[in-house]
Amino acid sequence: MRIILLGPPGAGKGTQAKFISEKFGIPHISTGDIFMRNISEGTELGRKAKNYIDQGLLVPDEVTIDLVMNRLEQNDVKEGYLLDGFPRTVHQGDVLCRMISESGQMLDAALLIDVPSSYIKERMPGRRICKFCGSSYHLQFNPPDEEGLCDHCGHELVQRRDDHVEAVEERLKVYEEQTMPLIDYFEKKKLLVRIDGTREIEEVTREIVEKLRALEKNE
């Protein structure tokens with residue numbers, strides 16, 4: 001399956017993406033993870049991306065598009081993939097759909113984890129990220145077994161600068177202005193699958209699996 005994962009910052013996309021990747025046996029391609037890795041390694045791309053990410057802004061198209069297009073040419077994505085964090089603008093969506101069409105493939109779904117802004121503003125300041133492996137937690141909704149430490153690798157959990165209240169406000173503004181138009185874009189293409197992301201993690205996961213399994217049967 002070839003799936004795009006949509007939703008506002010803090011909607012729980014990272015948590016669901018890892019489960020979908022394992023359940024359906026497809027690579028999870030996260031632009032956020034790639035940027036974070038480059039930032040931690042101090043690469044030129046990482047330094048460029050950091051200036052935008054710290055302000056809650058989108059990384060420019062010329063950087064993001066080349067990065068993703070190169071990734072989708074690798075052998076492990078021939079049978080499918082889950083794109084998380086791309087596309088984030090209608091222009092990026094156009095580029096992606098054109099590339100997929102030219103390769104003789106098809107997109108199966110644009111999966112939207114739908115969460116209102118008011119809910120995000122309450123939830124995002126509680127998010128914590130592992131500095132080592134990138135695993136995501138939430139102090140209230142998905143806490144680690146041991147406070148402040150990652151369940152998977154035992155390293156320290158931190159709050160990202162762009163999860164602070166001021167950055168959250170800016171990220172939601174950018175999402176509403178630049179990314180929300182993608183919802184209409186994919187709905188017109190009859191690819192949008194809408195999921196209520198305000199429920200418990202397990203309930204959200206269950207609905208995602210049910211709807212993706214139904215798509216598989218209709219292929």
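Scalar couplings 3J(HN,Hα) for region 212-218, obtained by applying the Karplus form with A = 6.51, B = -1.76, C = 1.60 to θ = phi - 60°, are 6, 5, 5, 5, 4, 5, 8 Hz; x denotes Gly and Pro. Within the chain, antiparallel bridges make up roughly 30 percent of the DSSP beta bridges whose residues both belong there.
Listed values for region 86-99 are Karplus-derived 3J(HN,Hα) couplings in whole Hz (6.51 cos²θ - 1.76 cosθ + 1.60, θ = phi - 60°), namely 8, x, 10, 9, 4, 4, 4, x, 4, 4, 5, 4, 5, 5, and x replaces Gly and Pro. Per-residue Karplus couplings for region 77-85, computed as 6.51 cos²θ - 1.76 cosθ + 1.60 with θ equal to phi - 60°, are listed in order as 10, 4, 9, x, 5, 10, 8, 10, x Hz, Gly and Pro entered as x.
Segment M106..V63, full-extension length gain: 13.1 nm, with 0.36 nm per residue of separation and the alpha-carbon distance subtracted.
Sorted by mean Cβ packing within 10 Å, highest first, what order do the peptides 206-214, 123-131, 160-168 take? List each step's numbers first, then the result.
Numbers: 206-214: 14.2, 123-131: 19.4, 160-168: 16.0.
Put in order of decreasing packing, that is 123-131, 160-168, 206-214.
Peptides 70-79, 142-151, 177-186 ranked from most to least packed give 177-186, 142-151, 70-79, packing being the mean of other C-beta atoms within 10 angstrom over each peptide's residues.
Note on S40 and Q178: their simple-model spin labels are 2.4 nm apart, each label 7 Å out from Cα toward Cβ.
Compute, for the chain, the length of the dipole vector about the Cα centre, with Cβ point charges of +1 (Lys, Arg) and -1 (Asp, Glu) only. Units Debye, rounded to 20.
On the way: 30 positive and 39 negative charges, 53 e Å.
Charge dipole of the chain: 260 debye, to the nearest 20.
Read-outs throughout are calculated quantities, based only on the coordinates presented, and are distinct from any laboratory measurement. On a predicted model such as this, the values are computed, not experimentally measured, just so you know. Don't worry about glycine lacking a Cβ; one is built from the backbone with ideal geometry, like all the others, and counts go over all protein chains shown.
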